[in-house]
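Following: one structure in structure tokens, then a few remarks.
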Amino acid sequence: MKPVCLVIGAGAGIGGTVGTKFASEGYHAVLCRRSDKEGLDKLVDGIKSAGGEATGLLLNAIEDDVIEETVLHVEKNIGPIEVVIYNLGAQIGNVPLEQTSYKQFEMGWRLGTFGLFRLAKTVCPLMAERGSGALMVTSATAAVRGNKGQHSHAAAMGGRRMLCQSLNAQYAPLGIHVAHILVDSMVDAPDTLGKLVGPEVFQQLRDTRGAEDGMMLPAKMAETYYHLATQHRSAWTHELDLRVFSDVAWWNHA
Ligand SMILES: NC(=O)c1ccc[n+]([C@@H]2O[C@H](COP(=O)([O-])OP(=O)(O)OC[C@H]3O[C@@H](n4cnc5c(N)ncnc54)[C@H](OP(=O)(O)O)[C@@H]3O)[C@@H](O)[C@H]2O)c1
């Protein structure tokens with residue numbers, strides 16, 4: 001039985017590509033996303049046609065009990081979860097406070113923080129029983145820098161970062177590697193950034209910035225996720241950031 005890499009939030013950008021990388025390294029990739037069966041099937045079929053193992057699950061991860069039931073289903077029917085990638089984003093664009101609704105703010109918290117809490121509460125004890133596992137959490141600049149228009153996103157991601165530190169404090173000594181991966185540039189991600197800015201602007205971004213390596217390439221990012229998840233426990237990284245070479249790092253912004 002292959003070890004499982006479970007990806008919560010697997011679109012054509014980071015999530016699906018990281019799952020594909022782990023599948024190419026001998027894991028059974030379980031890819032979960034909310035909608036777009038066609039997109040999910042494409043990812044799963046791509047893995048299988050390259051000789052890997054994959055399962056696709058369409059689900060809404062922030063509905064009650066869904067994350068918990070998914071973890072237990074995978075453990076029982078597919079295999080032990082050795083690596084889990086929490087990749088749900090909470091970006092809603094730049095929205096001033098007056099236009100940020102209670103509902104949006106609460107949704108940001110559910111995606112950004114509460115979903116991770118529920119995932120960790122279910123999967124970490126299982127990993128701890130086995131004495132090993134990796135919880136890789138994708139994050140964003142907003143985890144370390146609030147800004148106008150980012151009220152909901154920054155609060156959610158800041159919470160995510162602190163939750164990662166707390167999880168690490170409890171579970172690293174039990175053999176679980178918790179990593180917070182701060183993504184500090186725009187990603188070539190059609191299912192998230194692409195939908196946020198619309199197809200035309202996204203294509204322009206690809207043709208301009210992207211053509212000069214000014215958008216992060218998920219396949220290159222996936223190498224880092226794999227490296228992190230397979231680090232020796234004598235030298236674990238808890239937090240790192242990734243950005244394109246030409247962007248100003250978050251701490252150097254005016
Ligand atoms: N894209 C960027 O420019 C960028 C920049 C900085 C940080 N990040 C971080 O990167 C991560 C996302 O990676 P990505 O942008 O490359 O996207 P991605 O992996 O291509 O896609 C993420 C997937 O998450 C799924 N999802 C959203 N809500 C869900 C829910 N409630 N239940 C189940 N699945 C759900 C979406 O599925 P459906 O499409 O089916 O709805 C989407 O396809 C986030 O943590 C974000 O903070 C991204």
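The values are calculated or read from the model by the stated rules, or taken from the named source; none is laboratory data. All figures in this text were calculated on a predicted structure; none of them were measured in a lab. Glycine also receives a Cβ, built like all others from the backbone with ideal geometry; neighbour counts cover every protein chain displayed. Heavy atoms of the whole protein, side chains included, go into the accessibility calculation; ligands, DNA and RNA do not. Shrake-Rupley method; radii C 1.70, N 1.55, O 1.52, S 1.80 Å.
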What are the pairs, 6+ residues apart or on separate chains, where a residue within segment 129-140 that is touching a residue at least 40 places away in the same chain (Cβ under 8 Å) has its Cβ under 6 Å from a residue that is away from the ligand (no atom under 11 Å from the Cβ) and β-branched (Val, Ile, Thr)? Gly133/Ile176; Ala134/Val83; Leu135/Val84; Leu135/Val178
Need the failing condition index for Lys148 against (1) open to solvent by 50 Å² or more (accessible area, probe 1.4 Å); (2) of a type outside the set (Asp, Glu); (3) more than 15 Å from the ligand (Cβ to nearest atom); (4) not in a loop (DSSP other than H, G, I, E, B), just the number. (4)
Does segment 24-36 contain any residue that is assigned to a helix (DSSP H, G or I), open to solvent by 10 Å² or more (accessible area, probe 1.4 Å) and modelled with pLDDT of 95 or more? yes
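Could you check, for segment 108-120, whether at least one of its residues is of a type in the set (S, T, N, Q), surrounded by 16 or more Cβ atoms within 10 Å (Cβ to Cβ) and closer than 21 Å to Thr17 by Cα?
no
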Expected single match for of a type in the set (Gly, Ala, Ser), more than 12 Å from the ligand (Cβ to nearest atom), at pLDDT 95 or above and open to solvent by 30 Å² or more (accessible area, probe 1.4 Å) among Gly46, Gly89 is Gly46
Take Pro190 and tell me if it is touching a residue at least 60 places away in the same chain (Cβ under 8 Å) and surrounded by fewer than 20 Cβ atoms within 10 Å (Cβ to Cβ). yes
